[in-house]
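Just below is one structure, and these are the notes that go with it.
The values are calculated or read from the model by the stated rules, or taken from the named source; none is laboratory data. Remember, it's a predicted structure, so these values are computed and weren't measured experimentally. For neighbour counting, all protein chains shown are included, and Cβ atoms are generated from backbone atoms with ideal geometry for every residue, glycine included. The area values use the complete protein model at the heavy-atom level, side chains included, leaving out ligands, DNA and RNA. Shrake-Rupley method; radii C 1.70, N 1.55, O 1.52, S 1.80 Å.
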Amino acid sequence: MSDADHRNIELHDQAQRQAAAARLKMKDRREQHEGGMGKFVAERAGDWDLGDQNTAAMDRQVRFWKFVTDRWFRMEIDGWDEIPEAPVLVVGVHTGAPFVWDAWTVGAQWWRHFGEKRTLHGTAHDALMAFPIIGKVFRSMGVLPAAPDSMATALAEGRDVIVWPGGEVDSLRPWTERDVATLGGRTGFVKMAIRMGVPIVPVATVGGADAMPVLVRGDTLARVLRLDRIARLKVFPIALSLPWIIAPAALPQIPLPAKIRTRFMPPITVDHDPALCDDEDYVEAKYEEVRQRIQSGMDALARKRRFPIFG
């Protein structure tokens, strides 16, 4: 057996151990919620399984997503040759308020490109995963809670995972900051890649903000409504959307016909020694390397616009 084979076995064993530890830790954390909406969200979001993805349903949705990506958003996507062998941790930014169409279109294009032979698990906020109907639809599409246990388990099983570290800070940023790579200062994805022994594939995308331009973040309103305690939300944005024109971004909406451009950037490797998760300088350096690579891709894609909006 070659040294490379030995190393692969070691990384696989490490990934399995790390995933098991993450499941135990998250189980304890969710059980600490004493009651109310917080406990409901934690319990619902924690009810996930890698087998929830319905591949037959995904195949049936291809025609719908083909219209969305090719006709409505006129999507351009490239960089497929930059993606290493599975598993990888794909990291990106997303815009367009809670519905983040530029994130959904990446997942749809991945399915069209790879199909069942290479599963990509998207990730979503606990509050979205907890909704009775929305959560069920998300699970059928392979979406997992954006939590260490679910992501680590998927990677340990050789599946690709895509994360949006900026969360609501990223997706709900004002339209005027639409071309800024915002990862929210959250470095957990770097530690995940270290522990699980996988490379990071940055993905750059522009145009999604035009689908539902955020006018006001609503930080103060979120505090007044105590959304942070109820649903881990720190903002309550007001956006431009159809059919409401100007309304809370959480309302159901028809996306505006944005022009979305997406690019998979060259992968970034990390050292796979779990002890480095405690090295703040190393983690911050890798975080910034990923952010800058996404930003460079966004800058290049933004220069391709023919019109200030929808172009």
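Before moving on, here are some points about what is shown:
- Of the residues making up the stretch 256-305, those that are basic (Lys, Arg) and either within 23 Å of residue 14 (Cα to Cα) or open to solvent by 20 Å² or more (accessible area, probe 1.4 Å) (or both) are 259, 263, 286, 291, 293, 303, 304, 305.
- Verdict on residue 97 being in contact with a helix residue (DSSP H, G or I) (Cβ under 8 Å, 6 or more places away or on another chain) and on the phi > 0 side of the Ramachandran plot: yes
- Just one of the listed residues (110, 104) is under 17 Å from the mean Cα position of the chain (by Cα) and open to solvent by 20 Å² or more (accessible area, probe 1.4 Å), namely 104.
- Within the stretch 113-146, the set of residues being farther than 13 Å from residue 58 by Cβ, in contact with a strand residue (DSSP E or B) (Cβ under 6 Å, 6 or more places away or on another chain) and part of a strand (DSSP E or B) comprises 123, 144.
- The stretch 68-94: number of residues that are assigned to a loop (DSSP other than H, G, I, E, B) and either touching a helix residue (DSSP H, G or I) at 6+ places or on another chain (Cβ under 8 Å) or not hydrophobic (A, V, I, L, M, F, W, C) (or both): 9
- Matching residues in the stretch 233-288 - criterion: being modelled with pLDDT of 95 or more, of a type in the set (Lys, Arg) and either at positive phi or part of a loop (DSSP other than H, G, I, E, B) (or both): 259
- Among the candidates 176, 123, 105, 153, the residue that is free of Cβ contacts under 8 Å to residues at least 40 places away in the same chain and hydroxyl-bearing (Ser, Thr, Tyr) is uniquely 176.
- Exactly one residue out of 229, 217, 195, 223 is open to solvent by 50 Å² or more (accessible area, probe 1.4 Å), more than 22 Å from residue 105 (Cα to Cα) and touching a His at 6+ places or on another chain (Cβ under 9 Å), and it is 195.
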